[in-house]
């Protein structure tokens, strides 16, 4: 099924029959980040009710305990780092929009002229401004969303324990500052966090993205941007332009589990 949609003063053709999910399910094999405890799923047991058809109940009822930031794909708003702790639903516009998917091979910190907010090991992988601009070439980031897939891209990302493999790629200060100064509204990453897990709570890249760093000139809407972390874009999904749906859950929190979905997108030229 194909449709034509007008967005950002452009006309697009979208193939809704070719949607691809970028979300990692939350379950017993979910990734682990920052904490050691995996999600737990148990049967509800109350007043003689077992929550299990197998043990005589009329229906299955499960209780699920998880942390959105730590156990899979999730979308954050600036309430993640504000004293008010606003919910992600109260801050961001979830209207589907054009987005671009790019794949980047990070550089080692030892070989990189750019820096991150705190000192990192010399073998730490970094995504630099040079890498971004080389991939995006003449793009002015007119799309509303940017999806970054880091290389290599093993399926194991969908169940990785980042406490044992902490060296997930990071954007340098120059790279995130450039993105933050653009018109982007949605940033999606296959890393568990936009910042280093052990940065003493500075979270400078988060602050830059949401316009809370005075040294970076950002749009007025920066505080209403979304940040989606821990996606997985498998290798069957080509780099290119897509129609993006964030697909947040209805959970009212500073972060919501999400299942971003993308559909192939083509610009329709005016003379067509």
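The values are calculated or read from the model by the stated rules, or taken from the named source; none is laboratory data. Only a predicted model underlies this, so the values are computations on that prediction, with no experimental measurement involved. Reconstructed Cβ throughout: ideal geometry from the backbone, glycine too, with neighbour counts over all protein chains shown.
Scanning region 23-32 for residues that are touching a helix residue (DSSP H, G or I) at 6+ places or on another chain (Cβ under 6 Å) and surrounded by fewer than 16 Cβ atoms within 10 Å (Cβ to Cβ) turns up at least one hit. Residues being closer than 17 Å to residue 127 by Cα and either modelled with pLDDT under 95 or not in a loop (DSSP other than H, G, I, E, B) (or both) are entirely absent from region 239-258. Collect the residues in region 217-229 that are buried (at least 18 other Cβ atoms within 10 Å of the Cβ) and not in a helix (DSSP H, G or I), keeping them in residue-number order. 218, 225, 226, 227, 228, 229, listed by residue number. Evaluate the following for residue 163: is it in contact with a strand residue (DSSP E or B) (Cβ under 9 Å, 6 or more places away or on another chain), over 23 Å from residue 103 (Cα atoms), part of a loop (DSSP other than H, G, I, E, B) and modelled with pLDDT under 95? Here the answer is yes, as residue 163 does meet what is asked. Condition check for residue 102 on (1) buried (at least 20 other Cβ atoms within 10 Å of the Cβ); (2) within 29 Å of residue 247 (Cβ to Cβ); (3) touching a helix residue (DSSP H, G or I) at 6+ places or on another chain (Cβ under 7 Å): one failure, at (1). Candidates in region 1-29 are the residues that are at pLDDT below 95 and closer than 30 Å to residue 41 by Cα; of these, the one that is farthest from the chain's Cα centre (by Cα) is 28.
Applying the condition of being in a strand (DSSP E or B) and in contact (Cβ under 8 Å) with a residue 40 or more places away in the chain to region 11-61 and asking which residue is nearest to residue 192 (Cα to Cα) yields 32.
Selection of region 71-116 for residues being in contact with a strand residue (DSSP E or B) (Cβ under 9 Å, 6 or more places away or on another chain), assigned to a loop (DSSP other than H, G, I, E, B), closer than 25 Å to residue 212 by Cα and in contact (Cβ under 8 Å) with a residue 60 or more places away in the chain yields 73, 77, 87, 92, 93, 94, 114, 116. Summed over region 166-214, the residues that are part of a loop (DSSP other than H, G, I, E, B) and out of contact with any helix residue (DSSP H, G or I) (no Cβ under 8 Å at 6 or more places or on another chain) give a count of 20.
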